[in-house]
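The values are calculated or read from the model by the stated rules, or taken from the named source; none is laboratory data. What you see is a predicted model, and the numbers here were worked out from it, not measured in a lab. In this analysis, Cβ positions are derived from the backbone assuming ideal geometry, glycine residues included, and neighbour counts consider all displayed protein chains. Surface accessibility is based on the protein's heavy atoms, side chains included, excluding ligands, DNA and RNA. Shrake-Rupley method; radii C 1.70, N 1.55, O 1.52, S 1.80 Å.
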Amino acid sequence: MGDILEAFKKAKMISSEKADEIEKEKNEAAAKKSKQQTEKLAQRSKSQKYKPQYSSGPRAEDVPPATAPYNFVPMVHAVLPSPMSQQHDWQHMTEKEGQSAYRDYIHSQPTYSGSLNLRLENLTPLFVGAGEEAEFFSPAGKPMIPGSTLRGMVRSLFKIITAGAMRRNEDFTDRHLYFRCLMAPKSMPQIAELHDYYVSRMTTKIRRKNGGRIDAKNTKPGFLFRKTEDGAYYISPCQEDHISIKEYDTHWKEVGKVSRVDWYDKDRTAYILTGNQSSVLTARPSANRPLKKNIRYLYGPDWQTEYPVPESVIQDYRDDKNRRGVYLINDNQPNTNIKCGGEAQRFAKRDDIDFLAPCYFVLEDNQVQAFGHGRWFRIPYRKSVGDRIDNRLEDENIVDFTDAVFGRKALWAGRVSFEDAQLQSPPAYACKDYVIPLMKANPTSYQLYLEQSNHPNWPPAHWDSPAAGEVRGYKMYWHQQISNDDWRTPYSKGLEQHTHEIHPLVKNNVFTGKIHFRNLTAIELGALLKVFQLGNDNQDIVYKLGLGKSLGMGSVRIQANLSLDSGGRYTALFDKDIWKTSEDVADTTPFLKAFADYVSSCFGKDKKIYQEYQKSLDTLALMLDWNHTKLSNWNDRVATMCEGVNQGSISGGVDERFKLRCILPTAEEVVKGKNR
């Protein structure tokens, strides 16, 4: 086999430059056929409500709005500081000083203790699970809503209502999203900008001897490895070559239809197979892309040259949930594309490593920026999620209301606690069945998650585009009218790999529970009460709990009554021979007014900020208003753009509106039924 390898190295089947020229010609041919394929795909996806009507490239006026079961509550470009934040320089205080200042703040003014007595009734099927189990959370044999679930919901709404801080890796997970856009036919202007940007990152234009210019690839071949002494990752560059797919399939191994790495230990060579390379053997080119001719192989690493791979790059690679095909990082999962332990050491002939993988990588300023399988791999945007959030919201020196009431790390504990909500009647269950596969958050769909107001309506701006705006805000799910069975999906082979069984409660089960609070100021208590006093008299505010929010599950109406402690809770148990409770039903009005006045005093001087705050509250109430479920075609307006999955088809086609990068309307536009 070594002789064959040497023969291939000496007699190269085709030069890299010629291969690039052929690839470009194939791309141009594919672009001419893209329109036909788009039309075929539209005809094939019978479940799709939208069919493209354009004859060449789509025009902005022809592109429909996206639909989604969620939308966004806009953030305020300022943090509302709690009263305690204005008294100290918290950022430069020691832990002991901070705790002392916190106690002084509590004892320096009148405070209130008591509870909010909750009554909860689910208007749509409700499921709150316990880990991976299919049964409803029932630690005592009877369904209940955990206090932790209530706390999470209340805290999220409290953060919005009090214009809280947005701190990286505390209030949101900051990461760099990945993308790949190798082809952009003229009939797909929606990805032209992204394609040009991807190519500019992966290639450099150089002048040829004949005066022309050619795109030289920035990617370099190498071997990714991990050292045992520090557990850090490095890449050493290596040599590369290629052989024809036909020769490889005939003399070595069947190429197959999936991406993979073929290791040949004797020659210490790794072959990089990308995509369906077997199609070249059938002489039937794909309708939308040119055939691949060669397989590249890597060998001869230069171990004397080591490029450290930053931990942030490794973590971003791990966080890329949309990656398919070859995965180059070992997380204790079976993976034949990499070598671990003794196998890695024997292949590399060095005993200081415990992991090895062939890869291509990109350097900028001599630093590894990205790596992947094949020369055209997925790369991260330069801007992270956090870079698209106003940096004023990250101020660590501000103690916001959530810090003050719910606690701040190790400095002080929260002053609110949540009881489990108990079911008040025998449980009424729906049948136990597989739930429709739930779509995970996918912020790589920038047309849905990024504000596009500073950019033409369509095509949308991507995460690194200078024209892109900020993250659109806090993600919230719409209410939907559904039956007790609408969450179910028919069983099909392989379904359990994409979803699982649940045993939810049907509509109209009633729970009761309590939120206890202690030593809250009038302003803080008013903020907490505001969670349950949103909107106006014409709105029917309903909340979201549990699993399946995108399917319309978990809509819960909550009534909250305020009770205040009347002095010492245990000081007197009897009053004139009558059992005395420690709590009195209280009027919420003065506390709500105290909070409203405080907001006005902080934000009222800046008209723009105050308007942003009011819009945030109005949008939150708008999204929680159950009355929208009575509007015509409401469920269609907030439908998930993947009909095949909703109908239980695992391989159901992708909605055409995803391909068109249709922009998600604002919450107000969805309610009004207007296109963006």
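Does A441 fit the bill of being within 22 Å of D196 (Cα to Cα) and modelled with pLDDT under 90?
No: the conditions fail for A441.
If you check R324 against the conditions, is it under 23 Å from D230 (Cβ atoms), of a type in the set (K, R), open to solvent by 20 Å² or more (accessible area, probe 1.4 Å) and out of contact with any Leu (no Cβ under 9 Å at 6 or more places or on another chain)?
So R324 fails the test.
Name the residue, out of F377, F371, that is assigned to a strand (DSSP E or B) and open to solvent by less than 50 Å² (accessible area, probe 1.4 Å).
F371
Does K440 satisfy being of a type in the set (K, R), in a loop (DSSP other than H, G, I, E, B) and touching a Lys or Arg at 6+ places or on another chain (Cβ under 9 Å)?
The answer is yes for K440.
Going through the range 541-581 one residue at a time, which ones are at pLDDT 90 or above and either in a helix (DSSP H, G or I) or open to solvent by 60 Å² or more (accessible area, probe 1.4 Å) (or both)?
Within the range 541-581, K549, S550, L551, R557, Q559, N561 meet the criteria.
Between T149, T124, which is among the β-branched types (V, I, T), surrounded by 15 or more Cβ atoms within 10 Å (Cβ to Cβ) and in a helix (DSSP H, G or I)?
Of the residues listed, the single one that is among the β-branched types (V, I, T), surrounded by 15 or more Cβ atoms within 10 Å (Cβ to Cβ) and in a helix (DSSP H, G or I) is T149.
Would you be able to say whether some residue in the range 160-174 is in a loop (DSSP other than H, G, I, E, B), surrounded by fewer than 20 Cβ atoms within 10 Å (Cβ to Cβ) and touching a Ser or Thr at 6+ places or on another chain (Cβ under 8 Å)?
yes
Would the range 88-107 turn up any residue that is within 29 Å of D587 (Cβ to Cβ), in contact with a Pro (Cβ under 9 Å, 6 or more places away or on another chain) and outside any helix (DSSP H, G or I)?
No, because not a single residue in the range 88-107 is within 29 Å of D587 (Cβ to Cβ), in contact with a Pro (Cβ under 9 Å, 6 or more places away or on another chain) and outside any helix (DSSP H, G or I).
Can you tell me which residue in the range 217-253 is most open to solvent (accessible area, probe 1.4 Å), limited to those that are closer than 27 Å to G342 by Cα and not in a strand (DSSP E or B)?
Per the criteria, the residue is E229.
Do we find that D316 is over 16 Å from I379 (Cβ atoms) and open to solvent by 10 Å² or more (accessible area, probe 1.4 Å) in this structure?
Judged against the criteria, D316 is not a match.
Those residues that are under 30 Å from S82 (Cβ atoms) and either in a loop (DSSP other than H, G, I, E, B) or open to solvent by 50 Å² or more (accessible area, probe 1.4 Å) (or both), I need them from the range 401-437; list them, please.
Scanning the range 401-437 gives K409, A410, L411, A413, G414, R415, S417, E419, D420.
Go over the candidates N519, N454, N538 one by one and state the one that is open to solvent by 30 Å² or more (accessible area, probe 1.4 Å), more than 30 Å from I106 (Cβ to Cβ) and at pLDDT 95 or above.
N538
For the condition assigned to a strand (DSSP E or B) and either of a type in the set (F, W, Y) or open to solvent by 40 Å² or more (accessible area, probe 1.4 Å) (or both), what is the one hit in D354, D387?
D354 is the lone residue from the list that is assigned to a strand (DSSP E or B) and either of a type in the set (F, W, Y) or open to solvent by 40 Å² or more (accessible area, probe 1.4 Å) (or both).
Does any residue of the range 458-475 turn out to be buried (at least 17 other Cβ atoms within 10 Å of the Cβ), among the aromatic types (F, W, Y) and at pLDDT below 90?
Yes, the range 458-475 has at least one match.
Kindly indicate whether K493 is touching a residue at least 40 places away in the same chain (Cβ under 8 Å) and either open to solvent by less than 70 Å² (accessible area, probe 1.4 Å) or part of a loop (DSSP other than H, G, I, E, B) (or both).
no
Only one of N484, N442, N508 is on the phi > 0 side of the Ramachandran plot and either open to solvent by less than 60 Å² (accessible area, probe 1.4 Å) or not hydroxyl-bearing (S, T, Y) (or both). Can you tell me which?
N508
Name the one entry in P146, P125 that is touching a residue at least 24 places away in the same chain (Cβ under 8 Å) and touching an Asp or Glu at 6+ places or on another chain (Cβ under 6 Å).
Only one candidate qualifies: P146.
Has the range 277-295 got at least one residue that is open to solvent by less than 30 Å² (accessible area, probe 1.4 Å) and at pLDDT 95 or above?
No: zero hits.
Find the helices (runs of 4 or more DSSP H) located wholly in the range 583-644 whose residues include 3 or more that are under 30 Å from the mean Cα position of the chain (by Cα), and list them.
So the answer is 607-624, 634-637.
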